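Enquirer: Handing you a structure now.
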Amino acid sequence: MSNDMMRIGVSGIYANQIALNIAGNNITNVNTDGYSRQRVEFTAEKLGGVDRVTVTRLLDQFAQTQLRKDTSNLGFTESYLAQADQTDKLLGDASTGIGNNISSLFSSINTMNNEASSISNRQLALSQFQNMLASYQRQSEQLSSQQDEVNKQITSYAEKANTLIGNVYNLNQQLGAVGASQNDSQRSTLLDQRDQYIQQLSELMDVQVTPAQGDAVNLTMANGQALVLPDSRATISAVPGDPEPRRLELSVKLGTQPYDIEAKKVGGKLGGLGAYREEVLEPAQRQLGQMSLAMMDAFNKQNNKGLDLDGKLGGDIFSLPVATAYGDADNSSQLHQVTGTVVDGTQLTDQDYRIVFTSATDYDVQSLDESGKVTGTLASGTVPASTTVDGLQIDLVPNGAFAAGDTFTLRPTRDAAAQITMVMQNPESLALASPIRVDQGSSNLGSAAVSSVDVTNTDPATSGFSATPPPLLDTTAPGRVVFVNDSQYQLYDQSGAAIGGVTAFDPNTAIPAPPLDYGFSIKLSGTPAAGDEFTISPNIDSTGVMTAKSDNGNGLKLAKLQTDNIVRLNQSGDSPVTYQSVSNAFAGMVSQVGDRTGTMKIQNQAAQALHDESQGRLQAVSGVNLDEEAANLIQFQQAYTATARILSTAQSVFDNLLQAIG
């Protein structure tokens with residue numbers, strides 16, 4: 001009998017000692033991240049005592065899986081929002097934004113127009129042109145810095161993910177060595193550590209966990225790409241993008257075969273960075289570039305249509321960049337060159353383009369949406385001929401010869417704002433005067449008067465302006481309008497020869513009437529009388545001296561660009577083409593960034609609420625309750641003391657038995 005009591009007592013002491021250790025371990029780890037509460041379960045021996053002690057890890061697998069998913073969603077919204085909020089503040093800051101500089105520029109142009117011959121007013125306007133360009137460049141550089149920051153974070157998160165993947169794989173191996181039936185407390189601790197690493201990884205990317213042999217697990221990305229297998233693990237790294245090396249993406253390598261994947265598709269913080277780059281940062285860069293190109297091109301073209309203070313046709317104020325396309329890594333040569341040159345800023349969109357060769361000589365030009373998907377084929381061509389789409393001339397120069405399948409991505413607007421330079425140095429070069437003047441006959445009897453003078457083209461090759469300085473008019477260009485009655489007129493050239501026949505007068509129709517085009521036209525209002533005439537002549541005399549240095553006819557049109565709709569609003573292929581002013585375009589860009597940032601704030605709040613709920617559900621099962629553990633500690637301590645009494649009683653019985661025998 002004492003033998004049985006001894007066996008029962010020893011098993012009880014052993015069992016309750018383990019129970020005390022587990023309760024103490026639970027209490028000690030109450031603040032340990034990822035720790036799952038452990039519970040001791042006893043199995044009774046048929047002949048008395050405790051047969052087996054099992055340590056069980058308390059875990060709700062469903063709650064854990066849901067928490068991983070919610071953690072990935074929260075990581076996505078947090079990284080997206082952190083970057084988008086910076087962009088929103090950058091564009092919305094009036095002290096650093098371009099809105100104030102645009103207003104200051106047009107204010108100085110208006111001041112200059114009030115006294116067109118004033119060098120000081122011209123110098124002020126020229127300085128404001130430089131300030132406006134600097135504000136575009138500054139914001140472009142700040143957005144580019146955010147691009148660099150995204151790359152740094154993608155690299156950092158990829159390195160962290162790589163470390164966590166290695167930790168999960170190593171713990172798989174350790175758990176295999178421990179075995180499911182060995183040292184249950186150590187096994188539970190290893191399982192907790194592995195789950196914690198997986199939890200941290202899920203913050204960086206979406207992961208799927210499936211059981212493997214024994215305690216091992218398989219770890220895959222949301223798209224099924226394996227990260228951890230029982231006998232191998234993948235490595236993940238940030239790599240230069242294809243076709244644009246500056247735009248980092250991700251590469252997953254399992255064995256010898258790498259698999260490239262876009263950051264936006266992996267979920268978690270990495271996915272949030274990729275989505276922010278695609279949905280907020282790059283659209284803002286492209287729109288800023290589109291605005292700057294449209295505005296600077298409009299200033300150039302308008303200045304070309306006037307006369308400067310020295311009586312010369314105006315030149316460019318700015319030099320616009322030529323965009324070079326990125327070639328795919330598997331192109332037949334990396335020395336092929338595809339470029340885009342702005343020929344009409346008002347036709348530019350904020351889209352990127354893909355040029356795909358269907359043969360060694362034939363190519364298609366496709367428009368892309370913000371995700372890089374093709375939205376349509378805009379044009380086809382054959383080298384060496386260039387093609388023009390959306391105000392962009394695309395030139396193609398092969399290194400030897402192109403090959404079918406060669407693909408190029410052209411981003412004409414994204415970095416343009418930082419690459420525009422100012423080429424005008426002298427205030428006298430601002431062309432405020434109109435190159436032509438219209439004088440009303442001194443003996444006119446009717447009420448007809450000049451309502452507008454419109455110069456559209458001063459290129460001597462395609463207009464009525466002379467190729468030889470000073471910019472006089474060709475002898476064949478219109479020179480005089482003579483009314484034969486109150487409803488008809490005859491147009492004469494500079495030499496006095498008639499141009500066409502008698503033409504019906506319409507105050508809404510330009511003179512010369514289409515399809516005649518000499519690069520300039522006039523409109524008359526009122527009612528003419530027979531014999532009334534209007535003389536069209538250069539705004540300089542035969543020696544090149546400005547007839548009226550105070551003329552601001554072209555300067556007023558420079559000022560009008562503030563409200564003119566010169567920025568294209570809709571996309572490639574849309575008809576009819578719609579436009580907006582630069583101010584409205586900038587406001588729209590700021591609003592779009594603000595809207596997407598606001599939407600992500602709401603999504604972040606929802607993601608945080610779901611994450612907290614899932615975490616609470618998991619902690620309800622796995623978390624340590626100090627009150628409960630304190631009660632368990634007392635219970636197991638009392639049980640330990642009681643089983644110790646069993647041993648002492650068995651010893652007394654055994655001693656008495658020996659005395660009785662002796």
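The values are calculated or read from the model by the stated rules, or taken from the named source; none is laboratory data. As the structure is a prediction and not an experimental result, all values here were calculated from the model. Glycine gets a Cβ as well: all are built from the backbone with ideal geometry, and neighbour counts include every protein chain shown. Just the protein is used for accessible areas: all its heavy atoms, side chains included, with ligands, DNA and RNA removed. Shrake-Rupley method; radii C 1.70, N 1.55, O 1.52, S 1.80 Å.
Enquirer: Taking 8 Å as the Cα distance limit and 6 or more residues as the minimum spacing, I'd like the relative contact order of segment 282-427 as a percentage.
Expert: 33 percent
Enquirer: Continuing with this model, one more query. May I ask you to derive the FRET efficiency for ASN223 and ALA449 from their Cβ-Cβ distance with R0 = 60 Å, giving the value to the nearest 0.05?
Expert: Computed FRET efficiency for ASN223 and ALA449: 0.25.
Enquirer: Need one number for segment 436-538: average projected area of the convex hull over its C-alpha atoms, nm².
Expert: For segment 436-538, the mean projected area of the Cα convex hull comes to 6.0 nm².
Enquirer: Continuing with this model, one more query. Around VAL322, which amide H atoms from residues at least 5 apart in sequence, or from another chain, sit under 5 Å from its own amide H, with H modelled in the peptide plane?
Expert: Excluding prolines and chain starts, which carry no amide H, there are no hits.
Enquirer: While we're here: Given 0.36 nm per residue, what is the gain on full extension from LYS253 to ASP344 after removing their alpha carbon distance, in nm?
Expert: Stretched out fully, the LYS253 to ASP344 stretch lengthens by 28.2 nm.
Enquirer: Quick one: compute the contact order of segment 433-520, relative version, from alpha carbon pairs under 8 angstrom and 6+ residues apart, as a percent.
Expert: About 24 percent, as a whole number.
Enquirer: Going down the list LYS69/LYS265; LYS89/LYS265; LYS301/LYS560; LYS312/LYS523, which pairs span over 20 Å between their C-alpha atoms?
Expert: Correct reply: LYS89/LYS265; LYS312/LYS523.
Enquirer: Another question about this same structure. Given the whole protein assembly as supplied and a 1.4 Å probe, what does the accessible area of THR111 come to in Å², nearest 10?
Expert: Ignoring ligands and nucleic acids, THR111 comes out at about 60 Å².
Enquirer: R0 = 45 Å: FRET efficiency of ASP574 with GLN615, Cβ-based, nearest 0.05?
Expert: E between ASP574 and GLN615, to the nearest 0.05, is 0.40.
Enquirer: Then there's this: Determine how large the accessible area of SER103 is when every protein chain is in place; take a 1.4 Å probe and give Å² rounded to the nearest 10.
Expert: Counting only protein heavy atoms, SER103 exposes about 60 Å² to solvent.
Enquirer: Taking LYS557 as the anchor, which aspartates and glutamates have their alpha carbon closer than 18 Å to its alpha carbon, excluding any fewer than eight residues away along the same chain?
Expert: Within the straight-line limit of under 18 Å, LYS557 reaches these aspartates and glutamates: GLU115, ASP297, ASP308, ASP316, ASP344, GLU428, ASP454.
Enquirer: How many angstrom lie between the C-alpha centres of segment 284-311 and segment 151-212?
Expert: Spelled out, the Cα-based centre of one part sits 58 Å from the other.
Enquirer: For SER127 and LEU556, FRET efficiency with R0 = 25 Å and r from the beta-carbon atoms, rounded to 0.05?
Expert: Efficiency computed from Cβ-Cβ geometry: 0.75.
Enquirer: Where the only charges are on Cβ atoms (+1 Lys, Arg; -1 Asp, Glu), what is the dipole of the chain about its Cα centre, to the nearest 20 debye?
Expert: The dipole magnitude comes to about 1340 debye.
Enquirer: Kindly provide log₁₀ I(q)/I(0) values, in the same order as q = 0.09 Å⁻¹, from the Debye equation applied to equal alpha-carbon scatterers of the chain.
Expert: -0.90
Enquirer: Can I ask one more? Setting aside same-chain residues fewer than 8 positions from LYS160, which aspartates and glutamates have a Cα under 20 Å from its Cα?
Expert: ASP33, ASP70, GLU78, ASP148, GLU149, ASP192, ASP195, GLU203, ASP206, GLU249, ASP260, GLU262
Enquirer: In nanometres, what is the gap between the two model label sites at GLN592 and ASP60, each 7 Å from Cα along Cα-to-Cβ?
Expert: About 4.4 nm, to one decimal.
Enquirer: Follow-up. Please report how far the C-alpha centroid of segment 325-345 lies from that of segment 36-89, rounded to the nearest whole angstrom.
Expert: Cα centres, segment 325-345 to segment 36-89: 51 Å.
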